[in-house]
1. If packing is taken as the mean number of other Cβ atoms within 10 Å per residue, what is the order of 56-62, 12-18, 26-32, highest first?
2. How much accessible area per residue does segment 5-51 have, in Å², with a 1.4 Å probe?
3. How much accessible area does residue 43 have with a 1.4 Å probe, in Å² rounded to the nearest 10?
Amino acid sequence: MCGIFLCARASDVDVDFFDLSRKLQAANAARGPDSQGHHKTIIAPDGAGSQTLILDFYASELRLRGDDPIEQPHQKDGDVLCWNGEARSTKNLPRAFTDQVE
């Protein structure tokens, strides 16, 4: 089992929100004990009166195939990707194969 958790928040949230976010992050990590990752994106406002938006991506992996954990979230050129589950059917592939690196 794997897990994905996205926290989207303004820059001025209260303590209760942070407490809930930490609990959800811990629950997500328990879903994938082999690897956990985090990426933060900050979107600054364009005009006066706008709030900064903060996106926290959390991903965890329970490795079922392959020898090495695949760290998520993947990041490239400012894009962020998290996924959960097998990308395609692997019933005819060797156990050492992982579709996460293909």
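The values are calculated or read from the model by the stated rules, or taken from the named source; none is laboratory data. Here the structure is a predicted model, which is why all the values come from computation and not from measurement. All Cβ positions, even for glycine, are placed from backbone atoms using ideal geometry, and neighbour counts span all protein chains on display. We work out accessible area using only protein heavy atoms, side chains counted, and drop any ligands, DNA or RNA first. Shrake-Rupley method; radii C 1.70, N 1.55, O 1.52, S 1.80 Å.
1. Details: 56-62: 21.4, 12-18: 9.4, 26-32: 15.7.
Descending mean neighbour count gives 56-62, 26-32, 12-18.
2. Dividing the accessible area of segment 5-51 by its residue count gives 69 Å².
3. Roll a 1.4 Å probe over it and residue 43 shows about 80 Å².
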